[in-house]
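Working notes, beginning with the structure itself.
The values are calculated or read from the model by the stated rules, or taken from the named source; none is laboratory data. Quick caveat: nothing in here was measured; it's all calculated off a predicted structure. When we count neighbours, we look across all protein chains shown, and the Cβ atoms used for this are built from the backbone with ideal geometry, even at glycine. With ligands, DNA and RNA removed, areas are computed over all heavy atoms of the protein, side chains included. Shrake-Rupley method; radii C 1.70, N 1.55, O 1.52, S 1.80 Å.
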Amino acid sequence: MHHSLKSLASSLLLLVLLGACSGNVGNDANDDTEKSSEPTVSSAFPRTLEDANGDFTLEKAPQKVAIAHWGFIDSFLLFDTPSAAVVLPFSAEQSVLKTDVYEPYVETFDELEVVGENQQVNLEALLAYEPDLIIAGNQVNEDIDQLQQIAPVFVVDEEEVNVWGDWPALVSLFGDILGQEDVAESFIRSFEQKVEEGREKVANIEGEVAFLQAREATAWLQGTNYLPLYYDLLGLSVPDASIMEEGAEISLEGISELNPDHLFIGYFQGDSDSSSSIIHEWEETNVWNSLQAVEKGQVYEMNGELALGYGPIGQSYGLDQVVKALE
């Protein structure tokens, strides 16, 4: 996964630089990376694509799509379909679908059903939904035979399309499946433009930057291998410590040793909620209050599930938060 994230960062950086040199990046891109309100659905149906099992023919643009792989949601929500059913990474109560970040995407669906959590697809709920297409993955979904009894299943080859490290490839594939190639291309171009503009805005930022994932009883330092978006693409300065490459669970004393100039905290209880995390305890200590980032007023809070994640919507949000804070 680390190598694939590095590869994604390198590919995106190359695209950004090439676009900047040609002067074309952003000429056709949207002003932001929100979902297109009027996508153009290709009329090139029937069409035959290749999935993990060989040729897969789509007779017409699917209208009721079920996403059986929880890792596909962030990419799928970019597209416009009348009705969808999804499997969530967590419970519906914990879902990011209810956040303001996702609202512009979720509200475009006439119907959005939840039919499972993580790797557990609720087959009964999926059957009741009556999809005309199911999209699954050959590594996460182990019940493909059962899914095929409900509706045709496009099985994404997860060795060819790296869900966790190459969202542009997955977005492009969804564009092909749904006949909305223009939506995929537009979002990717917009993201490249956002990276380019963000890199310019933070180019003169001084000091080292660290990212923490805050949980109730622990905090995790996010390594450079996990965050190529910020360290490679934006070019933020990395604290000089061996732990920074892989990252790890970290104590307050460990953070004090790093002592970054800028500290981003990604909460998983909401956009900014230290009250139910270990950070709340640390904030009462002299060690925390003597950190450079704290003394300089350069501690920034954000939704960690989004900003420290792997999907296009989350990473677009993260770019906005990081650039705005540093700028």
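Overall, the accessible surface of segment 194-327 at a probe of 1.4 angstrom is composed of carbon and sulfur to the extent of 40 percent. Annotation for segment 81-97 versus segment 288-324: alpha-carbon center distance of 24 Å. Here is what passes the span test in the chain: the DSSP H helices with alpha carbon length of 20 Å or more along the helix axis and a Kyte-Doolittle mean of 0.5 or above are 2-22. Measuring nothing but alpha carbons in the chain and taking Rh as the Kirkwood radius, the Rg to Rh ratio lands at 0.99. Multiplying the residue separation of Gln94 and Leu123 by 0.36 nm and subtracting their alpha-carbon distance yields 8.3 nm.
For Thr218, the shell of other residues with beta-carbons less than 15 Å away shows a net charge of -3, using +1 for Lys and Arg and -1 for Asp and Glu.
Which of the three applies to segment 153-196, rounded, prolate or oblate, going by the alpha-carbon gyration tensor with a ≥ b ≥ c and a/c under 1.5 meaning rounded?
On the way: a/c = 4.36, a/b = 1.41, b/c = 3.08.
The shape class here is oblate.
Per residue, how many Å² of accessible area does segment 47-179 show with a 1.4 Å probe? Result: 44 Å² of accessible area for each residue. Spin-label model, Glu216 to Val294: label points 7 Å out along the Cα-to-beta-carbon direction sit 2.4 nm apart. Specify whether the C-alpha gyration tensor of segment 204-326 places it in the rounded, prolate or oblate class, a ≥ b ≥ c being the square roots of the eigenvalues: rounded for a/c under 1.5, otherwise prolate if a/b is larger than b/c and oblate if not. It is rounded, given that a/c, with a ≥ b ≥ c, falls under 1.5.
For a test of the definition: using alpha carbon positions, the gyration tensor, and the 1.5 limit on a/c, classify segment 47-179 as rounded, prolate or oblate. Because its axes are fairly even, with a/c under 1.5, segment 47-179 counts as rounded. Asp240 sits with roughly 150 Å² accessible to a 1.4 Å probe, with DNA, RNA and ligands left out of the calculation.
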